[in-house]
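Here's the structure, in structure tokens; my notes come after.
The values are calculated or read from the model by the stated rules, or taken from the named source; none is laboratory data. Nothing here was measured: the structure is a model prediction, and the numbers come from that model. Don't worry about glycine lacking a Cβ; one is built from the backbone with ideal geometry, like all the others, and counts go over all protein chains shown.
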Amino acid sequence: MGIKYEIPLLKDHHTHTSIYASLSNCIDLSAVRDKKKALSLMKKSTDEITVILGWNSSFFYFEDEELDGLPPVVICNISFHDFMINKPARERLFDSHKDIISHIGDGNWVERNLYAILKFVGNIKPCNDDLVRSFFDEYLLKNGIWYAEDMLLADRKFVNIFQRIGYLDRTRFWADIETFDSLDSEAKKYVHGIKIFIDGAIGAKTAAIKEPFLTGERGILIYSDEKLFDTLTQLSTHNKPIAIHAVGDLATDQIIKILSDIQSSENCIPQIRIEHFQFISKERAETAKSLGIVLSMQPNFNNDSIQYADRLSAKYCKYNNPFRMLIDEVGFVPGEDLIFGSDGMPHGVQCALEQSLFPRFPDQTLTIEEFIAGYCMPDQKNGYIKIEIDEAQKNITTEIVSN
Ligand SMILES: [Zn+2]
């Protein structure tokens, strides 16, 4: 017998609703550990161009020759920071997307052009009202999520879809500056904030950590200090919150330093959210706290310490997502300046709760109260989640009840 709770549905502060909705009928490899099975799934596709999601390079890599005999495929790494496009797909897409097709194997180029690539991938499968509705009601809700922020608004048509189906209160849009600038003034009102990336991802071995990955690659910092200072100063003129993707400790160090510099130069710092913030020293975290920064983190990424032990050293596995340090020693408060989301890797209450309560390392632990404060809707108006926690067996069962 475990301890029982009823908690509100989740408020996922960081995912990619429009891209995941657009791609919700695609082949998903995230649970496929066997390359042969992955290849045979792809072989069967009859789409003009098949988008494949969830490829996890900790399970296997594909050789070019293995892919070139398949129908046209665009394969997305589970991190959405690494892509493979086979020869038949490259031939079809070359004229319309010369730049992307020519550079898709170049990690540095990919990180610097990530928004353009994600929009390109999202557009292979056009989205519509039904896809968004069923993504929220058939998929997110069944996984315990009521509300999900979209960190990648691809264009105005998604605002129109949410308006038409009446789901604007179930999301909040963030856009990159190029997309934001392209919108008319009416659409701009629907954009909550602007998102930038300053490094890559662990899944693509491009997160800017201070040591090389065990497999030899080095992470990527996208901006020089000067360029980041100028970019943030420029972005703040829009008077919108800014969300900054920073995973590795080189990136978290850089962003905290630059935000301190902006503050001491008496420029006004806009409302800042740092996304992921997985590797951070206590000293930098204290500065982040004093600057009033909100940390938007993913308890499910505790699992990176296990699934990416092939590329992260033991030191970095242990250093990942130090929630206890942030809360107990630095004073971040879940629900106030520490909020939680999934990035869709995976979505839902089950994995998030397992990783929060029973993580690989004690410093990654969240209490159920902290989880509720940082990750749940304020009330149970739209439904709730029945939870039973068996501490001894480290086992959690969840049941979603929607109203
Ligand atoms: Zn994301």
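Among the listed residues ILE339, ILE387, identify the single one that is more than 24 Å from the chain's Cα centre (by Cα) and crowded, with 18+ Cβ neighbours inside 10 Å.
ILE387
Quick one: in region 234-251, of everything that is assigned to a loop (DSSP other than H, G, I, E, B), surrounded by fewer than 23 Cβ atoms within 10 Å (Cβ to Cβ) and not basic (Lys, Arg), which residue is farthest from the ligand (Cβ to nearest atom)? Don't jump to the end; show me each part of the working.
In the first step, residues of region 234-251 are kept if they are assigned to a loop (DSSP other than H, G, I, E, B); the result is 239-241, 247-248.
From what's left, surrounded by fewer than 23 Cβ atoms within 10 Å (Cβ to Cβ): 239-241.
Adding the requirement that they be not basic (Lys, Arg) leaves 239, 241.
Numbers: ASN239: 23, PRO241: 16 Å.
The residue in question is ASN239.
Identify, by number, the condition in (1) touching a Pro at 6+ places or on another chain (Cβ under 8 Å); (2) in contact (Cβ under 8 Å) with a residue 24 or more places away in the chain; (3) surrounded by fewer than 17 Cβ atoms within 10 Å (Cβ to Cβ) that LYS142 doesn't meet.
(1)
Across region 4-34, what is the number of residues that are more than 16 Å from the ligand (Cβ to nearest atom) and at pLDDT below 95?
Final tally of qualifying residues: 10.
Looking at LEU168 and the list (1) within 16 Å of the ligand (Cβ to nearest atom); (2) not assigned by TED's automatic domain parsing to the domain that holds ASP106, which single condition is not satisfied?
If we test LEU168 against (1) within 16 Å of the ligand (Cβ to nearest atom); (2) not assigned by TED's automatic domain parsing to the domain that holds ASP106, just (1) comes out false.
Of these, SER30, SER45, SER57, SER96, which one is under 30 Å from ILE368 (Cβ atoms), outside the structural domain of GLY200 (by TED's automatic domain parsing), assigned to a loop (DSSP other than H, G, I, E, B) and not aliphatic (A, V, I, L, M)?
Result of the check over SER30, SER45, SER57, SER96: SER30.
Does ASP310 satisfy being among the acidic types (Asp, Glu), in contact (Cβ under 8 Å) with a residue 40 or more places away in the chain and more than 16 Å from the ligand (Cβ to nearest atom)?
For ASP310, the condition - among the acidic types (Asp, Glu), in contact (Cβ under 8 Å) with a residue 40 or more places away in the chain and more than 16 Å from the ligand (Cβ to nearest atom) - is met.
Consider only pairs whose beta carbons are under 8 Å apart and that are at least six residues apart or on different chains; among these, list those whose first residue lies in region 210-222 and is within 18 Å of ASN320 (Cβ to Cβ) and whose second residue is surrounded by fewer than 20 Cβ atoms within 10 Å (Cβ to Cβ) and of a type in the set (Gly, Ala, Ser).
What qualifies is GLU211/SER313; LEU214/SER313; GLU217/GLY107.
Cβ-Cβ below 6 Å, separation at least six or inter-chain, first residue in region 360-386 and in the same structural domain as ASP337 (by TED's automatic domain parsing) and farther than 19 Å from MET297 by Cβ, second at pLDDT below 95 and surrounded by fewer than 15 Cβ atoms within 10 Å (Cβ to Cβ): which pairs?
Every condition considered, the pairs that remain are ASN382/ASN403; GLY383/SER402; GLY383/ASN403.
Looking at region 184-204 only, could you name the residues that are of a type outside the set (S, T, N, Q), more than 21 Å from the chain's Cα centre (by Cα) and farther than 22 Å from ILE272 by Cβ?
If the condition is that a residue be of a type outside the set (S, T, N, Q), more than 21 Å from the chain's Cα centre (by Cα) and farther than 22 Å from ILE272 by Cβ, then ASP184, GLU186, ALA187 are the ones that fit.
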